[in-house]
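First comes the structure, then the notes that go with it.
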Amino acid sequence: MKFLIPQDDLFYEKLEEVAKVGVEVSEELLNLVNGGDATRLSRRIKALEHEADGSVRAMMDHLHRSFITPLDRSDIHSLILELDNVVDLMDAAASRIELYIPDEMISEAAALTQVVIDAARLLLKMTQALPNLKKNAEQIEEMCREVRRHEDEADAIRRSAMARLFREEKDPFELIKWKEILELIEEATDRAEDAADLFEGIVLENT
């Protein structure tokens, strides 16, 4: 009876909006860790984070009002929250950089953020593929695997960065700053992987 379920584009639109903000925020964070103006960029990231929150609220309101949904209600709810978590963690990392003002940016922060960008772009592509789920099922599953590879890569970069900092950094305060910042950025890839797991579950349930 799935052919009787109307296509409600708003759900897909809001998922795509939050995923798109995830890409924009991670790209702005890369500008920040590459030495961009911390105040301007952190404010820009905060504005984008508020934009994502607005999309989440609109989705939740619509979810509460909708009797029939194109995907499982709990899947829609969980997925948009995980996509928003990626945005929130990038915002948190930017806020820490603005607050802590590290003496210098480290190359590993840029490498780690690039991995987040790659994962965020995959999440965006997956949201765009959702409306034609049956047609795009294999493509979505492959992108899920790619996101998991990015999470493994991010974890390796963070561990390597911390090992180097413990060897070379003489200022314990700088070490503490970067430990927290790198953990926040790496955690964004964890949340991206969680979102990928949800996408994979949606594919399994609906194809």
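FYI, it's all coordinate maths here, none of it is from the lab. Just so it is clear, the model here is predicted, and its values are computed rather than measured. Here Cβ is always computed from backbone atoms with ideal geometry, including for glycine, and neighbour counts include all displayed protein chains.
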Worksheet item: Mind listing which GluC sites (Glu not before Pro) in the range 91-177 are in a DSSP loop and have 10 or fewer other Cβ atoms within 10 Å?
Response: 104
Discussion item. Using a Förster radius of 22 Å, what is the FRET efficiency between residue 47 and residue 101 based on their Cβ-Cβ separation? Nearest 0.05, please.
Written reply: 0.60
Worksheet item: Suppose R0 equals 22 Å; then what is the FRET efficiency for residue 128 and residue 66 from their Cβ-Cβ distance, rounded to the nearest 0.05?
Response: 0.55
Discussion item. Over the chain, how many pairs of lysines fall under 26 Å by alpha carbon, counting only those 8 or more apart in sequence or from different chains?
Written reply: 18
Worksheet item: At 222 nm, what helix-only mean residue ellipticity would the chain give, in deg cm²/dmol to the nearest 500, using -39500 (n - 2.57) for each DSSP H run of four or more?
Response: -30500 deg cm²/dmol
Worksheet, complete the sentence: Here the averaged projected area of the chain, based on the convex hull of its alpha-carbon atoms and given in nm², is 11.0 nm²
Discussion item. Using only Cα atoms and rounding to the nearest 10 degrees, what angle (0 to 90) does helix 73-100 make with the longest principal axis of the chain?
Written reply: 20 degrees
Worksheet entry | Those chymotrypsin sites (Phe, Trp or Tyr not before Pro) in the range 1-103 that DSSP places in a loop and that have at most 11 other beta carbons within 10 Å | 67
Discussion item. How tilted is helix 172-206 with respect to the longest principal axis of the chain? Cα atoms for both, answer in degrees (0 to 90, nearest 10).
Written reply: 10 degrees
Discussion item. Report the Cα centroid-to-centroid distance between the range 148-188 and the range 67-104 in angstrom, as an integer.
Written reply: 20 Å
Worksheet item: Based on Cβ point charges of +1 for Lys and Arg and -1 for Asp and Glu, what charge dipole magnitude is obtained for the chain about its Cα centre, in debye rounded to the nearest 20?
Response: 260 debye
Worksheet, complete the sentence: Expected max-MSF residue from 15, 71, 83 in the GNM of the chain (alpha carbon, under 10 Å) is 71
